[in-house]
Amino acid sequence: MKSIPFILGLCLLLVIIPFEISAQDFQGQATYLSKSRLELGNWGANMTDIQKKQVEERLKNRLEKTYTLNFNKEASFYKEEAKLDAISGATDSWGKNFAPGNQYKNVKNNSLVQSQEFYGKYFLVKDELQTIKWNMGTETKQIGNYMCFKATATIPTAELTWYDFSWSDLRDNSYANTSDTDEETEIPEIPTTEVEAWYTPQIPVSHGPGEYWGLPGLILEVSAGNTTMLCSKIILNPETKLKIEAPEKGKEINKKDYRETIQAKMIEMRENRMGRGRG
């Protein structure tokens, strides 16, 4: 096993040799390909392989995505690249209600600004960056032209999917908020996600795709749950100046209140449908 001094020395060497990042106008752009495994659970237990393949094709737009991350030393702007559905020829209008919007992160002042559209209403989510306690490893691998180091973390799942919705979250919340004082009542454990990241000290900025940040180098690959994001292209100091600005459109709200807004709206929609059914 390589010694810690050796690893630190290698990191320093990698930082110094490739390029000088001290320039005030330093910028970069990273392209990420995101792929998620299809999890059908009990619903898919009785499906044939052909049926599962058909479902995968229908959901390809949600299972495979492309993102770009524009960054400088202090801030980053992350967005999904629009893609037409391979079957319908249309964009995924329903799925965008529960997908991450354009995201601005500033690691200098620890701030997040993210635009979210939910059924025609626009929100501007402002909050602090999620704190990630990374465990730094010594394992290395090459990604493209960059030497990368491994880091792992355990993160509350809700912090990674605060813009999404699940009926199971409502069941967990109602259980946790019960007024039952029975000492035998157990509060359910907070679901967590194991995260594996690979970062390169050759690009010494603390940015990464989505919710991930805080390592001593750009994160080029992340595996979390059933999703893997892999950087496929990097451009440093492009000729055309990149836009790295916080979005401004929408009602200001924090992550917790936005999540509660989604849950309340989904319950309202369910009750409305049930009401029409009874009528």
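Filter the range 231-269 down to the residues that are over 28 Å from Gln27 (Cα atoms) and among the aliphatic types (A, V, I, L, M) and list them by number.
Matches in the range 231-269: Ile253, Ile262, Ala264, Met266, Ile267, Met269.
For the range 219-248, name all the residues that are outside any loop (DSSP other than H, G, I, E, B) and touching a Phe, Trp or Tyr at 6+ places or on another chain (Cβ under 6 Å). Write out each step before concluding.
Taking the range 219-248 and keeping what is outside any loop (DSSP other than H, G, I, E, B), we get 219-224, 227-236.
Result: Ile219, Leu220, Glu221, Val222, Met229, Cys231.
Out of the residues in the range 138-186 that are at pLDDT 60 or above and among the basic types (Lys, Arg), which is surrounded by the most Cβ atoms within 10 Å (Cβ to Cβ)?
Just the residues of the range 138-186 that are at pLDDT 60 or above, to begin with: 138-170, 186.
Imposing the further condition that a residue be among the basic types (Lys, Arg) reduces the set to 141, 150.
Numbers: Lys141: 12, Lys150: 16.
Among those that are at pLDDT 60 or above and among the basic types (Lys, Arg), it is Lys150.
Quick one: Asn135 ticks every box in (1) at pLDDT 95 or above; (2) more than 26 Å from Gln29 (Cβ to Cβ); (3) surrounded by 15 or more Cβ atoms within 10 Å (Cβ to Cβ) bar one, so which box is it?
Of the numbered conditions (1) at pLDDT 95 or above; (2) more than 26 Å from Gln29 (Cβ to Cβ); (3) surrounded by 15 or more Cβ atoms within 10 Å (Cβ to Cβ), the odd one out for Asn135 is (3).
Anything in the range 194-218 that is within 12 Å of the chain's Cα centre (by Cα) and assigned to a strand (DSSP E or B)? List them, or say none.
If the condition is that a residue be within 12 Å of the chain's Cα centre (by Cα) and assigned to a strand (DSSP E or B), then Val195 is the only one that fits.
If I filter the range 220-227 for residues that are at pLDDT 90 or above and touching a Cys at 6+ places or on another chain (Cβ under 8 Å), do I get at least one hit?
If we filter the range 220-227 for residues that are at pLDDT 90 or above, which is where we start, we get 220-227.
Narrowing the set further to residues that are touching a Cys at 6+ places or on another chain (Cβ under 8 Å) leaves 220-221.
Yes, that holds for at least one residue.
Yes/no matrix, rows are residues, columns are (1) under 17 Å from Gly101 (Cβ atoms); (2) in contact with a Lys or Arg (Cβ under 7 Å, 6 or more places away or on another chain):
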{"position": "Glu211", "(1), (2)": "yes, no"}
{"position": "Gly214", "(1), (2)": "no, no"}
{"position": "Ile219", "(1), (2)": "no, no"}
{"position": "Asn226", "(1), (2)": "no, yes"}
{"position": "Leu236", "(1), (2)": "no, no"}
{"position": "Thr240", "(1), (2)": "no, no"}
{"position": "Lys243", "(1), (2)": "yes, no"}
{"position": "Glu260", "(1), (2)": "no, no"}
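The values are calculated or read from the model by the stated rules, or taken from the named source; none is laboratory data. Treat the numbers as computed from the prediction; the structure is a model and nothing was measured. Cβ atoms come from the backbone with ideal geometry, glycine included; neighbour counts cover every protein chain shown.
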